[in-house]
1. May I ask you to compute the full-extension gain from residue 37 to residue 78, defined as 0.36 nm times their residue separation minus their alpha-carbon distance, rounded to one decimal in nm?
2. Calculate the FRET efficiency for residue 158 and residue 70 from the Cβ-Cβ distance with a Förster distance of 22 Å, rounded to the nearest 0.05.
3. Full-extension gain between residue 113 and residue 144, please, as 0.36 nm times their residue separation minus the C-alpha to C-alpha distance.
4. Rounded to the nearest 0.05, what FRET efficiency do residue 165 and residue 22 give with R0 = 35 Å and r taken as the Cβ-Cβ distance? Could you check?
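Please treat every number below as a calculation from the coordinates, not as lab data. Because the structure is predicted, anything quoted here is derived from the model rather than measured. Note: ideal-geometry Cβ built from the backbone for every residue, glycine included; neighbour counts use all protein chains shown.
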């Protein structure tokens, strides 16, 4: 007899997949999800810090499921966070007149959203960042990025909260 969500007894614990990421001193990462290896898409290119967002997308099936993530740094520190599944917007079932749709297209699209994250030190300055691109660190510990200025006006798909003291980085998907 299987327990579907409708058959799950009240008070039963909810199981969230657990991803464990172990970061080496060079920034490469070994990843497991629910105690099974989670290999990178290209066997000759290991997971690295520069591809952390791509890794979170892969683990969460492109934000379709919620995943608990533990990051074990090479210095012994451990960070834990929950990567939430993206909210799906319900399709509009009403048929709108063309004039209504035209007015909606020309309406200002200012929209406020709240982005939250946990694991920061109380009172810590937290930087809000919109990723334009990513770069990978070299063996010497430096990184170089070339930015296409046209990317700065494109729609962003994620936002980062970065703790200035704790080093905690929270990635949150923006609504489309």
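1. Numbers: separation 41, 0.36 × 41 = 14.76 nm, distance 1.91 nm.
Length gained, residue 37 through residue 78: 12.8 nm.
2. 0.60
3. Values: separation 31, 0.36 × 31 = 11.16 nm, distance 3.14 nm.
Going from the current span to full extension adds 8.0 nm.
4. Numbers: r = 23 Å, r/R0 = 0.66.
FRET efficiency, residue 165 to residue 22: 0.90.
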